[in-house]
Structure formats: structure tokens, C-alpha cells
Amino acid sequence: MSIEIRKAKTDDALAICTIATSWAKTTRVQEGVTERQLEREGFLLYPLAVEHYGERIKRSDHFWVAENAGQIVAYSMAYTFAEMQSFNYFTENDQTLLAYFNGWGCEQECVYLAQAARMRSQVARGSISSLATFLYKHATETGAPAVLCEISLKPRNGRSIASAKRSGFCQVATRIKTDPTTGKDRISGTFMRTLGL
């Protein structure tokens, strides 16, 4: 079987939510995963509810899923800053993110890669790199000047950092954010991949 990429549909929201929740830092800690394992294996800080994934699928032109034999095995949730401003539901992180990138003067057509995750299964192997390739190709074709993302540096999300660098992202800034799982300050890295050059 091979990985196939397609645009996400609202019916995919439950499968996406299930994958995201399985990678949530709070879930992983409850499972007894150590900080060292979290760094090596990766984690998500901001999983959403099913209905909120559904809204973002509906309002984004850059939300993709990877399938293997008809089963969703991974997803890539991304949207332009213009699309993001159309959301009805905003997390606290969304609000600070928009303010942060507006302060940069980011173009509204820049794509923000908010989440990417896969099933912890052999059937999902290669799905994240396939999604990344597809996202960059589509973003370039739609005229996006860059794809941006933020990754936790403290606590360190080593797997996501390595994946971003393999995909051509460069770290361009850092900022202090609040970790929703602890309420303590953490450090986030801003990564960018310029397109169309």
C-alpha cells in the first residue's frame, strides 16, 4: 500500500482529532512518557475539539490528510493568516500568534503550519514527509511567499525540530509563551521556509 494525499473534508475531523489527542503532551504525560521520550518522539501542545478541526478544514485551502488503504494515517493543518482571521473559534494561542505575526508585518497570504501528526503505526511511515512536500507545492502554486511554524524549544520537541529542518525550514526567531499544560513560561522557536525562489 502507498500513502495518498488529499484535501481534508469535514467528515475527517474525528479521525484527525483522534490522532492529535494521541500526541497531546497532557495525554503522553498521563501515559507515563518521560520528558526525554517527549523530546525524542514529539508532542502537540494545542489539540482541538472535533468541531474546531471541522471548522478549520472548512475554512482552509491548506489542510491535508494522508491515507493508506483508505484510512487516514496523518494530517497537516495549515492556513493562511487571512484564512485564520475568518475562524469563529480562537484558542488563546491563536490570538497571541496572530498578534505576534502581525507585528512582523507578515503578508496575509503566508501559510502557517499549525499542526502535523501521524498515527503511531507502521502504516503511517513516510506520511509526514509526503504531507510536507504536498503542502509546500500547493502553497507555492497558490502564491504564498512563505510557510511559517512554531515549535517548542523548551520543553524541547526534538522530533518536530528535526522534521522541520529536513523539510527546509530555518529557525528565524524565538519567543516566550505560556505552556498550557503547566501554566509556566516556555520558549518557542519560529521557523520559516521561503517559497517560490
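Bear in mind that the values in this text are calculations on the coordinates, not laboratory data. All values derive from a computational prediction rather than experimental measurement. When we count neighbours, we look across all protein chains shown, and the Cβ atoms used for this are built from the backbone with ideal geometry, even at glycine.
Counted as qualifying within the range 116-197 are the strands (runs of 3 or more DSSP E) with 2 or more residues that are under 20 Å from Glu41 (Cβ atoms) and hydrophobic (A, V, I, L, M, F, W, C), namely 146-154, 185-194. Taking the criterion of being touching a residue at least 60 places away in the same chain (Cβ under 8 Å), touching a Gly at 6+ places or on another chain (Cβ under 9 Å) and not small (Gly, Ala, Ser), the residues of the range 148-174 that qualify are Asn157, Arg159. Evaluate the range 187-196: report whether one residue or more is touching a helix residue (DSSP H, G or I) at 6+ places or on another chain (Cβ under 7 Å), exposed (fewer than 15 other Cβ atoms within 10 Å of the Cβ) and free of Cβ contacts under 8 Å to residues at least 60 places away in the same chain. There is at least one residue in the range 187-196 that is touching a helix residue (DSSP H, G or I) at 6+ places or on another chain (Cβ under 7 Å), exposed (fewer than 15 other Cβ atoms within 10 Å of the Cβ) and free of Cβ contacts under 8 Å to residues at least 60 places away in the same chain.
Among the residues making up the range 68-123, those that are aromatic (Phe, Trp, Tyr) and surrounded by fewer than 16 Cβ atoms within 10 Å (Cβ to Cβ) are Tyr89, Phe90, Trp104. Of all residue pairs spaced 6 or more apart or on separate chains, those with beta-carbon atoms under 8 Å, a first member in the range 22-33 that is among the hydrophobic types (A, V, I, L, M, F, W, C) and a second member that is surrounded by fewer than 18 Cβ atoms within 10 Å (Cβ to Cβ) are Val29/Thr181; Val33/Glu41.
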